Amino acid sequence: MGANIGTSVTNTLVSFGQVNDDDQFERAFAGATVHDMFNFLTVFTLLPIELIFHPLEHMTDAMKPKTVDDEEKWEGPIKKWVAPLVKRVLNANKDVIKNVAKGSTTCEEIYADPEQTGLIKCSNIYNPFTGEDSAEKICPAFYKENATRSEDMASGGVALFMSILGLCICLYALVKVLQSIVLASSVGLIKRSTNVNPYIAMVVGVGVTILVQSSSITTSVLTPLVGLDIIKLEQMFPLTLGANIGTTATAVMASLVSSKPESVQIALCHLFFNIFGILIWFPIPFMRQWPIRAAQQLGFLTRKYKRFPLLYIAFCFGFAPAVLLGVSTLFDKGGAFIVIGSLLVIALAAAVARLAYWFKKEDGTNKFIAMMEERETKFQFNKNLMTKVTELEDRLATLEGGKATKA
């Protein structure tokens, strides 16, 4: 469930490629966040039910096979081509990560053992041209034998920065390429070709996502088209739902060649979570409007307050998960921490209920919009004031320079 929410941040970031045009940005942000709204609403609906009654767990437990063939690890075709390049930069030791995650060892124990090579290792890299692994082990650029924890952390930090930079560059290039293609094509033709039955659109979303093995890629390609008003938000929604189903195919295929039947079960959980979410929020027109209207409202807020998207991303994908993670760790510690965690949960629930009451019964929506408009007006005033001050300083400098020249 958390992965479903986390993967939707990518197309939200893609919408920033149209931030310079108010109309395009409003539509693009709405098109991106309709994916977020579906995932949030589905999690808020199914998570409490799963915690109390465990329907997904029981259903998939009955469906999982008793045994699964332990074959060669499944990899998608795209990963086979990209992995060799990535492993020349950094190659994570997944055995170390698994052992730490399972609690069978700690980072301190790993780095205290001189036989350990840290999180980075050399390996035989697959050659996509020959279809075979390299004869000799190739060490990545960020490699040092018997590396210390601080050295591995530094290597990981640099690799993380490189990946984020590459992601931003590719997303920006994606938006620009799509804009160039659309502007050079017949907009009317594209609109007619994408104006299909919503259930057919959902099937198209499933097929495309299975091919590219990422719902983020599918929705990120569609987001700029929504911004350009080529695809309507109502058409974007079923394509997004299809992408959510299609992205589970990778996990299902990978689980079928795993040695653990439980891997098939968790892949089925992911699949049925999305199917149940679609059954709740799509077939009935009234229910379908909930995520669509929520996304439209978020798009409207971006027009009123330019910095709202940044606040939205920081809160939904940063602050809120951090708070929930912090509260959940209190329950793991046991003892008096459970009481503290319970009190915090009650306080959070009361705060959410109070906020909902303020929005619904105390005209909170209009008050919130008015507050953002006031802040945006002040921001623009201060920005224009600083521009004027800079222009005056430049003029004074020019006048003083002219007087000095005459003297």
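Could you tell me the convex hull volume per residue, in Å³, taken over the Cα atoms of the chain? Before the final figure, lay out the partial values.
Working: hull volume 108.3 nm³, N = 407.
Per residue, the Cα convex hull of the chain comes to 266 Å³.
If packing is taken as the average number of other Cβ atoms within 10 Å across a peptide's residues, how do 99-109, 237-247 rank, most packed first?
Details: 99-109: 11.1, 237-247: 26.8.
In decreasing order of mean packing, 99-109, 237-247 become 237-247, 99-109.
Please rank 339, 204, fewest neighbouring Cβ atoms within 10 Å first, as an exposure proxy.
In increasing order of surrounding Cβ atoms, one gets 339, 204.
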Would you mind counting up the charge near residue 230? Only other residues with Cβ under 11 Å from its Cβ, with Lys and Arg at +1 and Asp and Glu at -1. +3
The ³J(HN,Hα) series, computed from each phi in segment 88-95 with the Karplus coefficients 6.51, -1.76 and 1.60 at θ = phi - 60°, rounded to the nearest Hz and given as x for glycine or proline, is 7, 9, 8, 10, 6, 7, 5, 5
If you find the alpha carbon centre of segment 258-305 and of segment 153-174, how far apart are they in angstrom? 28
In the chain, taking the dipole from +1 charges on Lys and Arg beta carbons and -1 charges on Asp and Glu beta carbons about the Cα centre, the listed residue (12, 148, 255) farthest towards the positive end is 12
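Could you tally the net charge around residue 355, taking each other residue with its Cβ under 13 Å from the Cβ of residue 355, Lys/Arg +1 and Asp/Glu -1? Could the numbers behind the result be given before it?
Details: positive: 354, 360, 361, 367; negative: 362.
Combined, the nearby Lys, Arg, Asp and Glu give +3.
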How high is the relative contact order of the chain? Use alpha-carbon pairs under 8 Å, at least six apart in sequence, and give a whole percent. 24
Residues with amide H under 5 Å of residue 138's amide H, sequence separation 5 or more or different chain, H placed in the peptide plane at 1.01 Å from N; which? 123, 124, 125
Going by average Cβ density within 10 Å per residue, which order do the peptides 307-314, 3-10 take, highest to lowest? 3-10, 307-314
How large is ³J(HN,Hα), in whole Hz, for each residue of segment 280-289 in order, when computed from phi with the Karplus curve 6.51 cos²θ - 1.76 cosθ + 1.60 and θ = phi - 60°, using x for Gly and Pro? 7, 9, 10, x, 7, x, 5, 5, 5, 6
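With a 10 Å Cβ neighbour count serving as the proxy for reagent exposure, in which order, fewest first, do 89, 323 appear?
323, 89
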Would you order 215, 155 from fewest to most other beta-carbon atoms within 10 Å of each residue's own beta-carbon? 155, 215
Set the Förster radius R0 to 41 Å, insert the Cβ-Cβ distance between residue 254 and residue 199 as r into 1/(1 + (r/R0)^6), and round the FRET efficiency to 0.05. 0.90
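Filter the cross-link list 144/260; 304/367; 94/260 down to pairs whose alpha-carbon distance in this structure exceeds 24 Å.
Details: 144/260 33 Å; 304/367 13 Å; 94/260 17 Å.
Cα-Cα > 24 Å for 144/260; rest within.
Every read-out reported here was derived from the displayed coordinates using simple, explicitly stated rules and does not represent laboratory data. Fair warning: this is a prediction, and the values are worked out from it, not measured in the lab. Methodologically, a virtual Cβ is constructed for each residue, glycine included, from the backbone with ideal geometry; neighbour enumeration extends over all protein chains shown.
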